[in-house]
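Working notes for the structure below.
The values are calculated or read from the model by the stated rules, or taken from the named source; none is laboratory data. The structure displayed is predicted, hence computed values, not measured ones. Cβ placement follows ideal geometry from the backbone for every residue including glycine, while neighbour counts extend to all protein chains displayed. The area values use the complete protein model at the heavy-atom level, side chains included, leaving out ligands, DNA and RNA. Shrake-Rupley method; radii C 1.70, N 1.55, O 1.52, S 1.80 Å.
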Amino acid sequence: MHKGNQGTVLHQLRYDIYHGTRNNWLQYVGFILLFILIHSFFLTHWQTLSSHGVVNACPSCWDYILDFFKGIKKVSFTDRHERFDLPIPFLLFNLFLTFTIGKYACCDLEGIGLLTLLQSKKRSAWWSGKCLWCVFHVLCVYALLFLTAFCFSAVNGNSSMEFTPQLNQTLSQIPTQIFEKWTLLQATFFLPILVSIALAFLQLSLSLWISPVFSLLAVICLLVISAYFCNPFLIGNYFMLLRSDLVLEDGVSLQTGYLVSIGLLLLSFFCGKIRFCRMDFLSRSEIYEN
């Protein structure tokens, strides 16, 4: 690319798409395998109930997505006999997503990535380009999620894009028949994407303030705590429909989810930008010291 364009955000975004997406295409294979595994569990559950005559409809693409984001019910600490299961799909998906973002961002501050930064002489362009790449990366991952769900539903004879109330209630414990489709789309599409972008920004920002290993551990702790406590300030709850006020009387609301996600996104963006503009990259121990 022309040297005159090296200091622009667009140049940095093109660079990140080439090096962070194209050159790391194997990570997307990993996401596809993860989605296939998770969808297979849902398919097996459906086949078991179908064989016993409990359900008679084939799951659609949105049924797979709904079950993917159902999460777990609110934990009751007063009932000692209540069983608690970690929401494995929720944890695996978010951990892999934040790991791939943090790994690329930190590795890019070595070699050609650091050289590109020094040549451009515009740190704000580098940071803004990385944040835009995070958005692009999250959208690519969600596209793969929906693509694998559609393939599963099409292979089983239901390529419709509608929710199936019977399956949603029986398999996912979510009464979709009482909600408008726009509300369900927000809960299973728009809000999860926004939450993922906010977590991506958080991981990107934390990796500049502390060691990348500790920043990943911090995100892990946030997600695990979200699984135990249904609190509107714990952003992981907005991935779990069974924690939503659509299902739970005192659950978290979609509107609050948007506010918390946007707030975390903006806070992470500006804190990361402040840190990045003050870092000494020639003394790389700032990033990698334990």
Next item on the list: Provide the gained length on full extension for the span Lys181 to Glu162, in nm with one decimal, where the gain is 0.36 nm per separating residue minus the Cα-Cα distance.
Entry: 6.0 nm
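Just to be sure I follow: if Rg is taken over the C-alpha atoms of the chain and Rh is the Kirkwood radius over the same atoms, what is Rg/Rh? Don't skip to the answer; put the middle values down first.
Working: Rg = 20.6 Å, Rh = 20.3 Å.
Radius of gyration over Kirkwood radius for the chain works out to 1.02.
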Notebook entry, point to check: Nearest 10 degrees, 0 to 90: what angle lies between the long axis of helix 212-228 and the longest principal axis of the chain (Cα atoms)?
Noted result: 20
Check: So what does Arg275 come to for accessible area, using a 1.4 Å probe and Å² rounded to 10?
Finding: 40
Checklist line | Karplus-derived 3J(HN,Hα), 6.51/-1.76/1.60, for each residue of the stretch 37-46, Hz, glycine and proline x | finding: 4, 5, 5, 5, 5, 5, 4, 5, 4, 5
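When a/c is below 1.5 the answer is rounded, else prolate if a/b is larger than b/c, else oblate, so apply that to the stretch 86-231 with a ≥ b ≥ c taken from the square roots of the Cα gyration tensor eigenvalues.
Values: a/c = 2.69, a/b = 1.93, b/c = 1.39.
Here the stretch 86-231 falls in the prolate category.
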Note to self: How far apart, in nanometres, would the label points at Leu49 and Phe233 be if each is projected 7 angstrom from Cα along the Cα-to-Cβ direction?
What the structure shows: 3.7
Next item on the list: Calculate one ³J(HN,Hα) per residue across the stretch 15-29 by plugging θ = phi - 60° into the Karplus curve 6.51 cos²θ - 1.76 cosθ + 1.60, and present them in order as whole Hz with x for glycine and proline.
Entry: 4, 5, 5, 5, 8, x, 10, 5, 6, 10, 5, 5, 5, 6, 5
Check: Between Ile72 and residues 5 or more places away or on another chain, which pairs have amide H atoms under 5 Å apart, with H built 1.01 Å from N, and which residues are they?
Finding: Leu242
Next item on the list: Would you count, across the chain, every pair of lysines whose alpha carbons are under 25 angstrom apart, provided the pair is eight or more residues apart or spans two chains?
Entry: 16
Margin query: Quick check: pseudo-label points 7 Å beyond the Cα along Cα→Cβ at Cys221 and Gln173, how many nm apart are they?
Written below: 2.9
Margin query: Taking amide H atoms as placed 1.01 Å from N in the peptide plane, list the residues 5 or more away in sequence, or in a different chain, whose amide H sits under 5 Å from that of Ser160.
Written below: Cys61
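Express in nm, to one decimal, how much length is gained between Tyr28 and Leu132 on full extension, taking 0.36 nm for each residue of separation and deducting their alpha carbon distance. It would help to have the intermediate numbers written out before the result.
Values: separation 104, 0.36 × 104 = 37.44 nm, distance 1.80 nm.
Length difference between fully extended and current span is 35.6 nm.
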Check: What part of the accessible area of the chain, given as a whole %, is carbon or sulfur when the probe is 1.4 angstrom?
Finding: 65
Check: Can you give the accessible area of Tyr258 in Å² (nearest 10), computed on protein heavy atoms with a 1.4 Å probe?
Finding: 60
Note to self: Before I look further, what does the chain give for accessible area per residue, probe 1.4 Å, in whole square angstrom?
What the structure shows: 48
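Once you order the gyration tensor axes a ≥ b ≥ c over the Cα atoms, which shape class does the stretch 186-245 get: rounded for a/c under 1.5, otherwise prolate or oblate by comparing a/b with b/c?
Working: a/c = 3.29, a/b = 1.64, b/c = 2.01.
Oblate is the answer for the stretch 186-245, as a/c is 1.5 or above yet b/c matches or exceeds a/b.
In percent, what relative contact order does the chain have, based on Cα pairs under 8 Å that are 6 or more apart in sequence?
Details: 338 pairs, mean separation 76.3, N = 290.
Relative contact order here is 26 percent.
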Check: Using the Karplus equation 6.51 cos²θ - 1.76 cosθ + 1.60 (θ = phi - 60°), what ³J(HN,Hα) coupling, rounded to whole Hz, does each residue of the stretch 125-135 give in order, writing x for Gly and Pro?
Finding: 5, 4, 5, 5, x, 5, 5, 5, 5, 4, 4
Next item on the list: Can you pull the one-decimal nm distance between simple spin-label points at Cys107 and Arg278, each 7 Å off the Cα toward Cβ?
Entry: 3.0
